[in-house]
Structure formats: structure tokens, C-alpha cells
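To start, the structure under review is shown below, and the notes come after it.
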Amino acid sequence: MPNKIVIDGAGVGAGLIDELIMAQNDISTGQFLAPFGVMNDDSGYYQQFRSADMIPNLLYIIKANATFNTQMYANY
């Protein structure tokens with residue numbers, strides 16, 4: 001299990017986050033997959049999705065833009 005998962009929450013990543021914060025069942029194995037908690041929920045939006053079986057503070061959401069991407073690639 002990873003310590004943190006960083007996801008770009010802009011564009012396609014927003015839909016991925018929507019799925020990761022909800023509990024899922026693997027359709028091929030029937031295994032329960034616990035929802036992921038958001039670490040940097042400054043606005044408190046993701047608090048409404050908290051549950052007892054959630055993995056807390058696993059997701060870290062970034063909102064990439066052109067400036068951020070330039071800095072990220074330069075540092076990488």
C-alpha cells in the first residue's frame with residue numbers, strides 16, 4: 001500500500017478522484033475496496049464522503065496548470 005497517491009484533479013483526474021473516494025467492489029473477485037481519504041481538503045468538500053472504512057489521508061490532489069507543469073518538469 002502506498003503512503004500517498006498524488007493525482008492531478010483537473011480534467012480527467014477529477015472523475016478518477018470521484019471514484020476513488022467511494023467504496024467499490026471488484027466485479028471479478030467480489031473484493032471490497034475501501035475508499036481513499038483526501039489529505040489536502042482545505043475547502044472541506046471531501047469531508048462529506050468520510051466513512052469508517054476509509055483509508056485516511058491517502059490522496060493528495062494537485063490542480064496542474066501551465067506554470068505548475070513547467071516548474072514540475074524543470075524540477076523533475
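The values are calculated or read from the model by the stated rules, or taken from the named source; none is laboratory data. Model, not experiment: these values are computed from the prediction. Virtual Cβ from ideal backbone geometry, glycine too; neighbours counted across all protein chains shown.
Key figures
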{"item": "Yes/no for D41 being under 12 Å from the mean Cα position of the chain (by Cα), part of a loop (DSSP other than H, G, I, E, B) and either among the β-branched types (V, I, T) or surrounded by 10 or more Cβ atoms within 10 Å (Cβ to Cβ) (or both)", "result": "yes"}
{"item": "Those residues of segment 1-31 which are touching a helix residue (DSSP H, G or I) at 6+ places or on another chain (Cβ under 7 Å) and at pLDDT below 95, in sequence order", "result": "I7, G9"}
{"item": "Count of segment 22-60 residues which are under 19 Å from K4 (Cβ atoms) and in contact with a strand residue (DSSP E or B) (Cβ under 6 Å, 6 or more places away or on another chain)", "result": "15"}
{"item": "Segment 17-38, residues that are without any contact (Cβ under 8 Å) to a residue 24 or more places away in the chain and surrounded by 13 or more Cβ atoms within 10 Å (Cβ to Cβ)", "result": "L33, A34, P35, G37, V38"}
{"item": "Top-ranked residue in segment 46-76 [being closer than 20 Å to A14 by Cβ and hydroxyl-bearing (S, T, Y); ranked as surrounded by the most Cβ atoms within 10 Å (Cβ to Cβ)]", "result": "Y46"}
{"item": "Hits in segment 8-38 (condition: under 24 Å from N69 (Cα atoms) and either among the basic types (K, R) or part of a loop (DSSP other than H, G, I, E, B) (or both))", "result": "G9, A10, G11"}
